[in-house]
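Contents: one structure, followed by commentary.
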C-alpha cells in the first residue's frame, strides 16, 4: 500500500512540503517508511498513517525516517503519540534514524531516551519484543 | 471589527515590524501566513546561514528553529494575512524576527513542545504581542530568535 505525497497547490502555484509514507509488512512487524519533509503542514499525513497502522495492532510498529530530510516538532509529536498508542495495546514502537539529521534532532530533544531509536531498519525489525 | 465586514480578506501590507529599513544587509520576506510556505522560509534561512559561514549543524539548527517560529506564528495569524520575516546578520549572530496579525491577546505559549524545540536550537528566543495600532484589528504577534556564529578557531 502506498500513500502518495500531496501535490498541494495554492492558487498562486506555491507547493507545500511533500511527505510520503510507504507501508510494508514483515511478518508481525509493520514498517512505515517515511520520505520527505515533516513540518506542521505535512505531519497530519504521518499522523494518519500511524493511526491506520495502530488500528491493525501490529506486534511491532517501525517508523523508518531514513528518507526524511526535515523533521519538525510536529513530526516528533507524531512519533511520541505513536509510541503511546502502541504501548496502549502492549505493542512495541521503534524509530529508525539512520541519518545525521534525524539522529541529531532526536538526541537534542532527548527523544532518543523516550523512544526506541535504531540506526538501521534491519536492527529495528530484528530486535525481540521488549 | 472596526465596522468592516469584508468577506474576502486581501493580503495585508499594513505596518510590519520593519521600522528600521536602514541596514543594507537585512533580508525581509513577506508571504501569505500559510503553512504551505514553510519550505521556502526554511530554504531562505538555510541559505543565509550558509553564506554567513555557519557550519552544517548550525545551519540545520537554524532551519528548524525558524520553521518552528514561523509555524507558531502562522497558526495564530488571521487567515489571509501576510507574515513578515526579517533576517539580520552581524559579526556575532544571525537574528530572525517574524510577525503576523492575530486575534490572540497573549504571546505564544512557551510551554509547547514546538517552543521547546525552538529554544533548544536557538541561542536566544522571545515571543510577544502588541496591539495593531493602525487599523485596530487584533494584534501583532512577534517571535524573535538568534543563533550565534560559530567561533573561528
**Q.** At 0.692 mPa s and 37 °C, Stokes diffusion of the stretch B:37-153 via Kirkwood alpha-carbon radius, µm² per second
**A.** 227 µm²/s
(Q) Given bins 5 angstrom wide, list per bin the percent of all Cα-Cα distances in the stretch A:11-59, short to long. (A) 5, 19, 26, 19, 13, 9, 4, 3, 1, 0
Q: Just grab the label-to-label distance for residue B:27 and residue B:113, each label 7 Å out from Cα along the Cβ direction, in nm (one decimal).
A: 3.0 nm
(Q) I'd like the antiparallel share, as a percent to the nearest 5, of DSSP beta bridges with both residues in the stretch A:2-123. (A) 40 percent
Q) Going from the alpha-carbon gyration tensor of the stretch A:57-128, what semi-axes, largest first and in whole Å, does one get by taking the root of 5 times each eigenvalue? A) 19, 14, 10
Q: Can you check how the C-alpha radius of gyration of the stretch A:32-77 compares to 2.2 N^0.38 Å, as a plain ratio?
A: 1.12
Q.
Whole angstrom only: what separates the Cα centroid of the stretch B:62-97 from the Cα centroid of the stretch A:57-130?
A. 28 Å
Q: With the convex hull built on the Cα atoms of the stretch A:2-123, state its orientation-averaged projected area in nm².
A: 7.3 nm²
Q: Can you tell me the 0 to 90 degree angle between the C-alpha axis of helix A:43-55 and the longest principal axis of chain A, rounded to 10?
A: 30 degrees
**Q.** the stretch B:105-151 - convex hull of the alpha-carbon atoms, volume per residue in Å³
**A.** 74 Å³
Q) Between residue A:87 and residue A:123, how many nm apart are label points set 7 Å from Cα along the C-beta direction? A) 2.2 nm
Q.
With viscosity set to 0.692 mPa s at 37 °C, what whole-number translational diffusion coefficient in µm²/s follows for the stretch B:30-93 from Stokes-Einstein and a Kirkwood radius over Cα pairs?
A. 268 µm²/s
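Read the figures in this text as sums done on the coordinates, not as results from a lab. Since we're looking at a predicted model, the values are computed, not measured. Glycine gets a Cβ as well: all are built from the backbone with ideal geometry, and neighbour counts include every protein chain shown.
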